[in-house]
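Undergrad: Before I ask anything, here is the structure I am working with.
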There are 2 protein chains.
Amino acid sequence: MANIQTPIPEKTIERLSEYRRTLLKCHAQGITHIFSHVLAGMHGITAVQVRRDLMLIGFSSDTKKGYDVKVLIDFIDGILYSEQPMNMAVIGMGHLGQAITRYFNSKGLKMRITAAFDVDKEKVGRCIDNIPCYHINEFEQRVEELDISIAIVSLPTSAASTLVLPIINAGIKGVLNFTSAPLNFPQGIVVENYDITTLLEKVAYFVKVADGNS
Amino acid sequence: MANIQTPIPEKTIERLSEYRRTLLKCHAQGITHIFSHVLAGMHGITAVQVRRDLMLIGFSSDTKKGYDVKVLIDFIDGILYSEQPMNMAVIGMGHLGQAITRYFNSKGLKMRITAAFDVDKEKVGRCIDNIPCYHINEFEQRVEELDISIAIVSLPTSAASTLVLPIINAGIKGVLNFTSAPLNFPQGIVVENYDITTLLEKVAYFVKVADGNS
């Protein structure tokens, strides 16, 4: 449906992903139309922001009853997703890796975690939550075999940097990095460094400042 | 040491948290001094950015050998942390909640998860990873008793909004929200909405665009 090759700004993509989930919930509740200010209110932003985001992706079918929920969901789907589902791999199948796998694969997304990698003898060669776990030495081979395009890095921070070369060599296109080590890749590989500790320290800092000022 | 009550910008706080972890690693390796451009390189940013961030927090003791690693760690600590350690609670002790608890409590941060809340009979009244798990109905009472200031929300998205009032009433100061429902709180409560799905969809989108353009 949508045929936009110029990347849309990151923040807009984040909001589209959030709108989509809200719209899916509305759709499940039998709501067929929604006004921009209602959608905006559910996200704590302005209606102008919502309209600007939707204008940016070329969605313009506003009606007197507001946006058609189903039509808008399909339109955002066309922007966010490829026709083919994307395969993902988790590197590091510890507690966090397992939590992430269960979390994503239960969400009904058009992306699925289809393989895991670890070095732990207890895990390698077994299936964990229906996902086969391979030794990290097999990474490049399996990524090609299984047509995996996104790697989720959830192993101990100290081991993270050893993965940069295998990820490049395997032809991985996108990386979601949950370790505390920011990973740098050459252009062409999309990386989101997603360090939970940083977020927590940020919250703690602003709590501290608020306390000091109260 | 530091006595700054005007909030420092969010992005600077994030970078300070990251510098601190890098510096701790350097310190553990016996490195006593580091130049701004070396620190910058380890984070994929410019030396100007590093110097500007440190100027903003009032750190100016640059030497011919670069920054003194230990002095800089202590200085950043003084900015980020309270004198007293902060207590945190996890709401929702499923796979994600347990992974988060193990992850944070193994990091040696000046914040600790000291209580968990759930509704599951199998969990309530037990200790999970040495953390007592209480029924969510006891939330307000336990938060006061245990002097908890930060809540980590990791229960199913559908239940997230039921927590807004208990969190306000309990006097929680900061919230780290891992569900897909953005939670809105009155001013005075710091919230980080930290939706993993949004990040993943963002990576997938940019992978798709890169594919389409190649």
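Undergrad: Within the bounds of segment B:67-78, is there any residue that is open to solvent by 60 Å² or more (accessible area, probe 1.4 Å), within 11 Å of chain A (Cβ to nearest Cβ) and of a type in the set (Asp, Glu)?
TA: Scanning segment B:67-78 turns up no residue that is open to solvent by 60 Å² or more (accessible area, probe 1.4 Å), within 11 Å of chain A (Cβ to nearest Cβ) and of a type in the set (Asp, Glu).
Undergrad: Turning to a different aspect of this structure: For segment B:160-175, name all the residues that are part of a helix (DSSP H, G or I) and not hydrophobic (A, V, I, L, M, F, W, C).
TA: Hits for segment B:160-175 are B:SER161, B:THR162, B:PRO166, B:ASN169.
Undergrad: Within the bounds of segment B:170-180, is there any residue that is open to solvent by 60 Å² or more (accessible area, probe 1.4 Å), touching a helix residue (DSSP H, G or I) at 6+ places or on another chain (Cβ under 6 Å), assigned by TED's automatic domain parsing to the domain that holds B:GLY92 and among the basic types (Lys, Arg)?
TA: Looking through segment B:170-180, at least one residue is open to solvent by 60 Å² or more (accessible area, probe 1.4 Å), touching a helix residue (DSSP H, G or I) at 6+ places or on another chain (Cβ under 6 Å), assigned by TED's automatic domain parsing to the domain that holds B:GLY92 and among the basic types (Lys, Arg).
Undergrad: Give me the residue from segment A:169-212 that is within 7 Å of chain B (Cβ to nearest Cβ) and touching a Pro at 6+ places or on another chain (Cβ under 9 Å) and, out of that set, farthest from B:LEU23 (Cα to Cα).
TA: That would be A:ALA210.
Undergrad: May I pose another question? Filter segment A:47-66 for residues that are open to solvent by 10 Å² or more (accessible area, probe 1.4 Å) and at positive phi and give the result.
TA: A:GLY58
Undergrad: Given (1) without any contact (Cβ under 8 Å) to a residue 24 or more places away in the chain; (2) outside any loop (DSSP other than H, G, I, E, B), identify the lone condition not met by A:SER180.
TA: The failed condition is (2).
Undergrad: Condition first: more than 14 Å from chain A (Cβ to nearest Cβ) and either surrounded by 14 or more Cβ atoms within 10 Å (Cβ to Cβ) or in a strand (DSSP E or B) (or both). Can you find one or more residues in segment B:98-112 that meet it?
TA: No, because not a single residue in segment B:98-112 is more than 14 Å from chain A (Cβ to nearest Cβ) and either surrounded by 14 or more Cβ atoms within 10 Å (Cβ to Cβ) or in a strand (DSSP E or B) (or both).
Undergrad: Return yes or no: is A:PHE139 more than 17 Å from B:HIS95 (Cβ to Cβ), more than 10 Å from chain B (Cβ to nearest Cβ) and assigned to a strand (DSSP E or B)?
TA: no
Undergrad: When A:HIS135 is evaluated against the numbered criteria (1) open to solvent by less than 10 Å² (accessible area, probe 1.4 Å); (2) farther than 21 Å from B:THR101 by Cα, which criterion, by number, is the only one it fails?
TA: Unmet for A:HIS135, out of (1) open to solvent by less than 10 Å² (accessible area, probe 1.4 Å); (2) farther than 21 Å from B:THR101 by Cα: (1).
Undergrad: Please determine whether any residue of segment A:113-120 is in contact with a helix residue (DSSP H, G or I) (Cβ under 9 Å, 6 or more places away or on another chain), open to solvent by less than 30 Å² (accessible area, probe 1.4 Å), among the charged types (D, E, K, R) and not assigned by TED's automatic domain parsing to the domain that holds A:ARG20.
TA: yes
Undergrad: Next question, about the same structure. So, in segment B:156-214, of the ones that are more than 19 Å from A:ARG102 (Cα to Cα) and among the small types (Gly, Ala, Ser), which residue ends up nearest to the chain's Cα centre (by Cα)?
TA: My answer is B:GLY174.
The values are calculated or read from the model by the stated rules, or taken from the named source; none is laboratory data. For clarity, every value in this text was computed on a predicted model and none was experimentally measured. Positions of Cβ are generated from backbone atoms using ideal geometry, with glycine treated the same way; all protein chains shown enter the neighbour counts. Each accessible area value is taken on the protein alone, full model and side chains, heavy atoms only, with ligands, DNA and RNA left out. Shrake-Rupley method; radii C 1.70, N 1.55, O 1.52, S 1.80 Å.
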